[in-house]
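The structure appears below as structure tokens.
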Amino acid sequence: MKHYWIWAILLCAFSVQMKGQDPRESHYYYEMLNPQHAVKPLVEGYADQRVEETMNRGLVAAQAADGKGVYLSWRLLKIDSPNALFHVYRSVNGKTKKLTGKALATTTDFTDKTPAAGQADYWVECIEGKKKTASEKITVEAAKLQAPNYRSIALRNGVTAGKVAVGDLNGDGTYDYIIRHPHTNVDPGVKSPNDGTTYKIEAYLSDGTYLWTKDLGLGIEPGVWYSPFMVYDFDGDGKAEVALKTAGDDYLKNKEGRIYGGSEYLSVLDGMTGEEVARVDWPERNDRYGNLVRQNRNQIGMAYLDGKTPCILAARGTYKLMVVDAWQFHDGELKQLWHWDSDEENPVLRSQGAHNMVCGDVDGDGRDEILLGACMLDDNGTLLWSSGLGHPDKAYLTDIDPQRPGMEIFLALEPPKDNGYGVCVLDAKTGERVWGIGHKTFHVGDGMVADIDPTSPGLECFASEDKKGGSTDKYLLSADGKKLTTDNDEVPPCRNWIWWDAGHIRQMFFGDDNRWGAESMSNGRSQSIGYWKGEKIAEGIMGDIIMIADVLGDWREEVITALPGELRIYHTNIPAKDRKVTLMQDAIYRSYVLERSQGYPQAPVPSYYIGE
């Protein structure tokens, strides 16, 4: 009883200090009520040094912007020295020519203004002091290059991809493409068609070679939260595996056609064959998640929990209970590293989940933390902090305000908020509130951070209410929380932003009728890329956008679209002004790209600031 009164007095004092803020909506609340919360040991995985994706130069050719010449672009890698230089070579009929008079130091691109007739081989050479390293070669026929520039992957049987993941399946340093089809989708809140449709996972090499198809069967409903999958090199052998949720044949359906019981597994597939090589139980259903709709919220993540080993995270729950199991895959086996149950720590954790699980080192200890939404798990499977703000529809972890130390988190929160924090920014390390929108919100269903206004320092934060919450308001704020407009028509859409041009301002997509934010163009219309309140810089993008990521060429991004029977990987041909290490070697950016194969779409962001 004595201890109860001590904590009650401290909580009252803290409430005064918070000046009216509900202490239950703070990570401090968790710390006060759990001063000796469970301590778990640090993860020690199988890896002696950090397992990294092996990447080649990603050399890609395009038709030059003026239609005359061959534009070449390639990756700068983490292993390259800051003073690395590059030469470009071309070979025709066995005769080799160095195209660069002076080695390239500012960018990793080059235009061959006088290309040879017929086929030519191109490659680049990296020079670091006395060390010289040649890239892979690509064969180009200048007359066959088209605008807009894209690579095409033909899909079997005319299928249309609904989701795509990228990973190096054969270890050649080039990303391959793993799709989920059909492209139709059922949300847990939507009635199941119960028509016998099953999802298939299908793998293709970067040159279009078909590898395998796995039918997930009737035990996995064809919907966004039933079928998470992720592709990465989990065992460190240089070749990516596929981790996914699978089900047995003992599934149980209710009269609405929803699956409510049966075996569920975390499975690992061999990336080259599709063969299942390991399987363990998925986090089980129970009533603490809520009703059946809420029980069927599943995600997969990847985190370097010891700073070296890429670990698999199998998660269930968003709106009430949340559970995460951490595993390592090594020597053909899955070994559990820890189990986390939000109810075992504190009920303030309930309903803090988001629609993506992003991982990265936010506290500087070299080990990844896990952003589940409005709360952060530490690397050892204990709570780092909880904001108590509830379920965000969008959560972005990056350096929003370069004037502040460390990273920040931008949240667009679904639950109605009277406290002014329905749109807000938190400190990534502590969960402390940096700023809030300052007025009531109703159901903020979308959000984005990007530098779209060069006159406003830092990344702009924008969000939109979902009309089913009773409001159609949109918000555009500066990195420090100042409102930049009160006009809904001035606020850009939140999805599908890309670095395509030579600068640091991010660009958006326009439909062919000049509407902002068009996403589905498989009906034959095309999209353009351009600036918010500015010029168009690319046209003719066809298909449904299913990924934006830096998968080819220099640090700027490609857009992957789905059409019937085809994937297209569109890439820029605009000459660069600077060079950066490929974004895919930034841990947080890579985590966002990993998440794009499941859940709701979000444009990826890196751990560091990119802006004017």
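The values are calculated or read from the model by the stated rules, or taken from the named source; none is laboratory data. Treat the numbers as computed from the prediction; the structure is a model and nothing was measured. Here the Cβ is made from the backbone with ideal geometry for all residues, glycine too, and neighbour counts use every protein chain on show. Only protein heavy atoms, including side chains, enter the accessible area calculation; ligands, DNA and RNA are left aside. Shrake-Rupley method; radii C 1.70, N 1.55, O 1.52, S 1.80 Å.
Worth a mention:
- Some residue of the stretch 312-330 being farther than 26 Å from Val449 by Cβ, part of a strand (DSSP E or B), under 19 Å from the mean Cα position of the chain (by Cα) and not small (Gly, Ala, Ser): yes
- Pairs with Cβ under 6 Å, 6+ apart, first in the stretch 316-334 and under 17 Å from Met302 (Cα atoms), second assigned to a strand (DSSP E or B) and aromatic (Phe, Trp, Tyr): Val324/Trp340; Ala326/Trp338; Leu334/Trp327
- Counting the residues of the stretch 456-484 that are in contact with a helix residue (DSSP H, G or I) (Cβ under 8 Å, 6 or more places away or on another chain) and either under 20 Å from Asp427 (Cα atoms) or among the charged types (D, E, K, R) (or both) gives 3.
- Any hit, the stretch 250-259, residues being at pLDDT 95 or above and charged (D, E, K, R): yes
- Those residues of the stretch 150-174 which are open to solvent by less than 10 Å² (accessible area, probe 1.4 Å) and either of a type outside the set (Gly, Ala, Ser) or not in a strand (DSSP E or B) (or both), in sequence order: Ile153, Ala161, Val164, Val166, Leu169, Gly173
- Out of Asp195, Asp207, sole residue that is touching a strand residue (DSSP E or B) at 6+ places or on another chain (Cβ under 9 Å), open to solvent by 20 Å² or more (accessible area, probe 1.4 Å) and farther than 17 Å from Ala165 by Cβ: Asp207
- Subset of the stretch 409-432 [at pLDDT below 95 and among the charged types (D, E, K, R)]: Glu414, Lys417, Asp418
- Count of the stretch 427-440 residues, restricted to those that are open to solvent by less than 50 Å² (accessible area, probe 1.4 Å) and either in contact with a Ser or Thr (Cβ under 6 Å, 6 or more places away or on another chain) or part of a loop (DSSP other than H, G, I, E, B) (or both), is 4.
- Search result, residues across the stretch 210-248 that are within 21 Å of Glu53 (Cα to Cα), open to solvent by less than 30 Å² (accessible area, probe 1.4 Å) and either among the acidic types (Asp, Glu) or without any contact (Cβ under 8 Å) to a residue 12 or more places away in the chain (or both): Asp233, Glu241
- Of all residues in the stretch 91-108, those that are within 28 Å of Ala538 (Cα to Cα) and open to solvent by 10 Å² or more (accessible area, probe 1.4 Å) total 5.
- Residues within the stretch 120-149 that are of a type outside the set (Ser, Thr, Tyr), assigned to a strand (DSSP E or B) and surrounded by 14 or more Cβ atoms within 10 Å (Cβ to Cβ), tallied: 11
- Index of the failed condition, Met508 passing every other in (1) in a strand (DSSP E or B); (2) under 18 Å from Pro392 (Cβ atoms); (3) without any contact (Cβ under 8 Å) to a residue 60 or more places away in the chain: (2)
- For the residues Met302, Met230, Met272, the requirement of being in contact with a Leu (Cβ under 7 Å, 6 or more places away or on another chain) and in a loop (DSSP other than H, G, I, E, B) singles out Met272.
- Within the stretch 459-479, tally of residues that are within 19 Å of Arg506 (Cα to Cα), in contact with a Phe, Trp or Tyr (Cβ under 9 Å, 6 or more places away or on another chain) and either basic (Lys, Arg) or part of a loop (DSSP other than H, G, I, E, B) (or both): 1
- Restricting the stretch 470-489 to residues that are charged (D, E, K, R) and surrounded by 13 or more Cβ atoms within 10 Å (Cβ to Cβ), the residue that is farthest from Pro604 (Cα to Cα): Asp473
- Look at the stretch 544-557: where a residue is acidic (Asp, Glu) and a partner is modelled with pLDDT under 95 and not in a strand (DSSP E or B), sitting 6+ places away or on another chain with Cβ atoms under 6 Å, you get Asp544/Ser520; Asp544/Ser522.
- Any hit, the stretch 563-578, residues being free of Cβ contacts under 8 Å to residues at least 40 places away in the same chain and under 19 Å from Gln507 (Cα atoms): no
- Any pair with Cβ under 9 angstrom, 6 or more apart, that starts in the stretch 527-538 at a residue that is farther than 17 Å from Asp489 by Cβ and in contact (Cβ under 8 Å) with a residue 60 or more places away in the chain and ends at one that is assigned to a strand (DSSP E or B) and among the small types (Gly, Ala, Ser): Ala538/Ser528; Ala538/Gly530
- Flag if Lys467 is without any contact (Cβ under 8 Å) to a residue 24 or more places away in the chain and buried (at least 18 other Cβ atoms within 10 Å of the Cβ): no
- Residue among Asp554, Asp501, Asp550, Asp578 that alone is at pLDDT 95 or above, charged (D, E, K, R), open to solvent by 10 Å² or more (accessible area, probe 1.4 Å) and over 30 Å from Asn488 (Cα atoms): Asp578
- Matching residues, the stretch 277-307, being closer than 18 Å to Glu241 by Cβ and either among the acidic types (Asp, Glu) or surrounded by 20 or more Cβ atoms within 10 Å (Cβ to Cβ) (or both): Ala278, Trp282, Gln299, Ile300, Gly301, Met302, Ala303, Tyr304, Leu305
- Of the criteria (1) part of a helix (DSSP H, G or I); (2) closer than 23 Å to Ala203 by Cβ, which one Ala562 fails: (1)
- Verdict on Ile300 being more than 30 Å from Ser206 (Cβ to Cβ) and in contact (Cβ under 8 Å) with a residue 40 or more places away in the chain: no
- When the residues of the stretch 249-275 are filtered to those that are over 23 Å from Asp195 (Cβ atoms) and β-branched (Val, Ile, Thr), the one that is least open to solvent (accessible area, probe 1.4 Å) is Val268.
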